[in-house]
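The values are calculated or read from the model by the stated rules, or taken from the named source; none is laboratory data. Source: prediction; values computed, not measured. Neighbour counts are summed over all protein chains in view; Cβ atoms, including those assigned to glycine, are modelled from backbone coordinates with ideal geometry. Just so you know, the surface numbers come from the protein's heavy atoms only, side chains and all, with ligands and any DNA or RNA stripped out. Shrake-Rupley method; radii C 1.70, N 1.55, O 1.52, S 1.80 Å.
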Amino acid sequence: MRKLLLLVVAFSTIFVYAQKDKGVGLKKNVKAGEGRSKGVVTPEFLWSLGRVSDIKVSPDGNQVLFGITYYNVAENKGNRDLYVMPTAGGELKKLTDSQGNEYNGIWRPDGKKIGYISSESGSSQIWEMNPDGSDKIQISNIAEGVNGFAYAPDMKHLLYTADVKLDATVQDTYPDLPKANAMIYTELMYRHWDSWADQSYSHIFVTAYPVPKEGAAKDIMPKERWDAPITPDGGMEQIAWNNAGTKIAYACKKMFGKEYATSTNSDIYLYDLASGKTSNISAPNPGYDMDPVFSPDGKSIAWTSMKTSGFESDKKRIIIYNFAKPKAEDYSADFDQSSTNFVWSTDGKSLYFISGIQATYQLFHLDIAKKKITQITKGVHDYTELQLAGNKLVGARMSMSMPTEIYTVDLKTGAQTQLSFVNKDKLDAVTMGKVEERWITSTDGSKLLTWIIYPPDFDAKKKYPTLLYTEGGPQSAISQFWSYRWNFQIMAANGYIIVAPNRHGLPTFGQAWNDQISLDYGGQNQQDCLAAIDSMSKEPFVNKDKLGAVGASYGAFSVYWLAGNHNKRFKAFIAHCGMFNFESWYGTTEEMFFANHDLGGAYYNNPRPKSYDFSPSNFIGNWDTPILVIHGGNDFRIPYTEGMQAFNAAQMKGIPSKFLFFPEESHFVLKPQNAILWQREFFKWFNTYLK
């Protein structure tokens, strides 16, 4: 489940809370180790790094535009600015320097302007500037603000997304009660992810370009009570112009109430500017259809598609729709992995994309005529973004030892060249722990790719406390991600060995491996985790009497489950935003399709699904190990009452326990000072019981 996981790739690109770097010094923030010439990773060090995201290659392929977010811990906020640099390599140039945040930076199709969204004027509006950052001009003045935008390729029109109020508020219904603070709902979904339904919906608008000073833009979804992009995490990748600038394709889930909450059936809609008509071109498919991308000649369109209704972690297929036939065809039928981030070649004969393979994310190529998929890149890393620049690709790449930087990739050889070095000086000043790939045999005979991260200056003659990391998702690979909270290097820097097994239920090992976890939460995947820590416990440098387990979301459920089933292996636990009681979780979560698919339905069904037997609340009688419970007040995926139940149970049983609660955080911890507090409490807890 993409949104139930601890999705660290998202953390690396978040800019909503951005702020400016105030020159945080390494001497102050990197704690030197005894006898070590370099420092190690600390919480303050992590928050001093620049976070690279949202790469866009210029129309001529010579430059790449991107954003960097810098945070100021003292002010508890940050700032995101736009930068540009040559795709051939060279110095980067800062283009914006306002007190607001600049995002959605894109090239105008002729390459003579860069468009972006800025809050400099007090609300989020569309601005333009020259490619060198000069002549910044606000070109929109939308009362409700703009969420995203895109130029038509012929530059005759521009589309943008903005919120439209369609439902009545309490004050609309009861105007004589202007100070009443209440919300009234009569249908699902009344809240989602981290926000309550607010009577507004994101719609797509089309206006002439250049944007006229007067005259209303056209809402292409008039009075429709659904969102485009799809909430909560959809962006402009869900909306696309055709090359002629005459049609708009967009993803939308056009359902209401219970049907919306229990289904994943989004579709690709095609809006024709001339006629004003909208058609559904993916209607036969019952699952997710997302992220449309037109071919250069406009004769075809590709999108990602999941076949199974109600299953959000199904294989993402490559669907190409031919307008002449018309017909949608799966070009990844023989490819047993998910595919994302589609980019067409200039001649329309190839499609480039990102896919996972054995806990890494690589670049791939699809020969459309031959329906042949080949892997372009190899290595211990994750690609998260992809663009085409002439005869090479430009991608955003990260690993467990390096935050996101920009790389170029040779199309013929797959050779990778680092283009940006945003954090080089800071990274050069610290020592990273070794990241090792191990294949461990599980209880069913299967092999688990397990990442082992060692402390800096590791000494095999010593014994180290060791942490089992249990992944979230539940369908989310422990790939080569760089996280600003669940960072393996900072755990290692504190003197711990980290054991991170790619258990059953994780992608990049084939769809059958990914799917196995549904209905089996307390089954083979938990045995995989125990097998991994048991195997590592045999190593002479692992202190088997000082083992801990930690995880978030599904990983935190795993910690709760292990707390009742670990047979005294562990001496301490940390669980962040986890499911503790399946019945109460089912009754309070928001996306019911996930709960129905992975648990097999409601607890009150007759017969009751066997999956509820795995609820950690069933094993509380076996709890005997200190546990730190962490939760956010605005987590609506797994409400904070789940954490309260776990903490209360531990307290009532007299088990050493602590509850760390963040009233304003959601499923994640995004504010700088909260995140640093999180790290300090994390290591205070483990240091108490494992050192």
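Brief remarks on what is shown
- Taking amide H as placed 1.01 Å from N in the peptide plane, N265 has its amide H under 5 Å from the amide H of G310, each at least 5 places away in sequence or on another chain.
- Debye log10 I(q)/I(0) for region 194-339, one point scatterer per Cα, at q = 0.12 Å⁻¹: -0.52
- For region 61-206, the percent of C-alpha pairs falling in each 10 Å distance bin, counted from 0 to the bin holding the largest distance, reads 10, 30, 29, 20, 9, 2, 0.
- Rg to Rh quotient for the chain, alpha carbon positions, Kirkwood Rh: 0.95
- Residue-wise HN-Hα coupling along region 220-233, computed from phi with Karplus coefficients 6.51, -1.76, 1.60 (Hz; x: Gly, Pro): 7, 10, x, 6, 8, 8, 8, 10, 9, x, 6, 6, x, 10
- Here region 511-605 has an Rg and Dmax of 15.2, 50 Å, counting Cα atoms alone.
- FRET efficiency, 1/(1 + (r/R0)^6) with R0 51 Å, evaluated for E224 and T641 via beta carbons: 0.90
- A simple charge model with +1 on the Cβ of Lys and Arg, -1 on the Cβ of Asp and Glu and nothing else charged puts the dipole of region 266-392 at about 360 debye relative to its Cα centre.
- The fraction of Cα-Cα pairs per 5 angstrom bin, counted from 0 for region 295-384, comes to 3, 14, 24, 25, 18, 11, 4, 1, 0 percent, rounded to whole percents.
- What a 1.4 Å probe finds exposed on the chain is 50% carbon and sulfur by accessible area, rounded to a whole percent.
- Using alpha carbons only, the radius of gyration of region 560-661 set against its Kirkwood radius gives Rg/Rh = 0.98.
- In the context of the full protein assembly, W193 retains an accessible surface of approximately 30 Å², using a probe radius of 1.4 Å and ignoring ligands and nucleic acids.
- Violating pairs (Cα-Cα greater than 23 angstrom) within the set K277/K299; K325/K349; K94/K671; K610/K658: K94/K671; K610/K658
- Qualifying trypsin sites (Lys or Arg not before Pro) in region 266-329, where qualification requires a DSSP coil assignment and no more than 15 other C-beta atoms within 10 Å, comprise K277, K299, K307.
- Once the Kirkwood radius over Cα pairs is known for region 81-134, the Stokes-Einstein relation at 25 °C and 0.890 mPa s delivers a diffusion coefficient of 212 µm²/s.
- For region 225-261, applying the loop criterion from DSSP together with a ceiling of 13 other beta carbons within 10 Å to the chymotrypsin sites (Phe, Trp or Tyr not before Pro) yields F256.
- Rounded accessible area per residue of the chain, 1.4 Å, Å²: 39
- Distance between region 146-209 and region 362-416 - C-alpha centres, whole angstrom: 37
- Amide H contacts under 5 Å for T96: L82, restricted to partners 5 or more places along the chain or on a different chain, H placed in the peptide plane at 1.01 Å from N.
- Each other residue within a Cβ distance under 10 Å of A162 adds +1 if Lys or Arg and -1 if Asp or Glu, for a net charge of -3.
- With every protein chain in place and a 1.4 angstrom probe, the accessible-area ranking of Y604, Y83, Y103, largest first, reads Y604, Y103, Y83.
- For region 77-164, the set of trypsin sites (Lys or Arg not before Pro) satisfying both a DSSP loop assignment and a count of at most 16 other C-beta atoms within 10 Å is given as K112, K156.
- Applying 1/(1 + (r/R0)^6) with r as the Cβ-Cβ distance of F323 and N181 and R0 = 41 angstrom yields a FRET efficiency of 0.20.
- Assigned charges on the beta-carbon of Lys, Arg, Asp, Glu; the chain dipole about Cα centre (debye): 1600
- One quarter of the convex hull surface built on the alpha carbon atoms of region 32-113 amounts to 7.4 nm², the projected area averaged over directions.
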